[in-house]
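Reviewing the structure listed below.
Values quoted throughout were computed directly from the atomic coordinates according to the rules given, and no laboratory measurement underlies them. In this text the structure is predicted, and so the values were computed from the model without any measurement. Please note: Cβ atoms are built from the backbone with ideal geometry, for glycine as well, and neighbour counts cover all protein chains shown.
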Amino acid sequence: MFTLLPPATRALILINVAVFLLQQLLQQPAPDLMVGLFALWPLGSPLFRPWQLISYAFLHGSLAHIFLNMFALFMFGRALESYWGARRLVSYFFVCVLSAAVVQLAVEAASGAQEPVLGASGGVFGVLLAFAWYFPRQRLFVIPIPVPIPAWLFVTIYAAIELFSGLARTQQGVAHFAHLGGMLGGALCILYWRARRRFSS
């Protein structure tokens, strides 16, 4: 089944898995090496480096963390790639990753937080938003909801939960505003593409 994935979705998943395995291999000799160099550190931290605006998205903190992100990319990325093509999916994913990083850095600067951020969730949340945008009536089975719900409703509820959790500061260690930043960047990217297409025509 994995070999039937379109190439960009497959490549993004494989890169994330490969980096996660490298993290595990380096855990014993140098437990903080990958996080120190490639996680997203706050702007005021001496560990911050510009490349972390992208590299953080390929690190994950646990097996459950990477599994959930890659499962979502597997489920929704392939539909978008079939609709958009590989180049546009990759471009969109990185726009969402970057916007998630920028929003998270801004929130951390305002709150004085000094925790690093890692994980592809910002890009994945952007992918979720795009899926709901282009396939709003597609019905999804979401545990524990006993009936399928349309994609637009699922993503709207999810975004509302993330906003509430971020403002209430629940689930410490989860970068809720990075998730929302990925969705914001995705929405702006889609609006830009649509405006450019209308202008060109």
- Query: Looking at Q171, is it in contact (Cβ under 8 Å) with a residue 12 or more places away in the chain and of a type in the set (S, T, N, Q)?
  - Reply: no
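Each row is one residue, and each column tells you yes or no for (1) among the basic types (K, R); (2) in contact with a helix residue (DSSP H, G or I) (Cβ under 6 Å, 6 or more places away or on another chain); (3) surrounded by 15 or more Cβ atoms within 10 Å (Cβ to Cβ).
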site	(1), (2), (3)
P7	no, yes, no
L22	no, no, no
L53	no, yes, yes
A57	no, yes, yes
G61	no, no, yes
F67	no, no, no
M70	no, yes, yes
V90	no, yes, yes
- Item | Tally of residues being assigned to a helix (DSSP H, G or I) and more than 26 Å from G61 (Cα to Cα) across the stretch 141-190 | 8
- What about A101, is it without any contact (Cβ under 8 Å) to a residue 60 or more places away in the chain, within 19 Å of L43 (Cβ to Cβ), not in a loop (DSSP other than H, G, I, E, B) and not hydroxyl-bearing (S, T, Y)? no
- Query: Within the set of pairs 6+ apart or on separate chains, which have a first residue in the stretch 35-52 that is part of a loop (DSSP other than H, G, I, E, B), a second that is of a type in the set (D, E), and C-beta atoms under 7 Å apart?
  - Reply: P42/E108
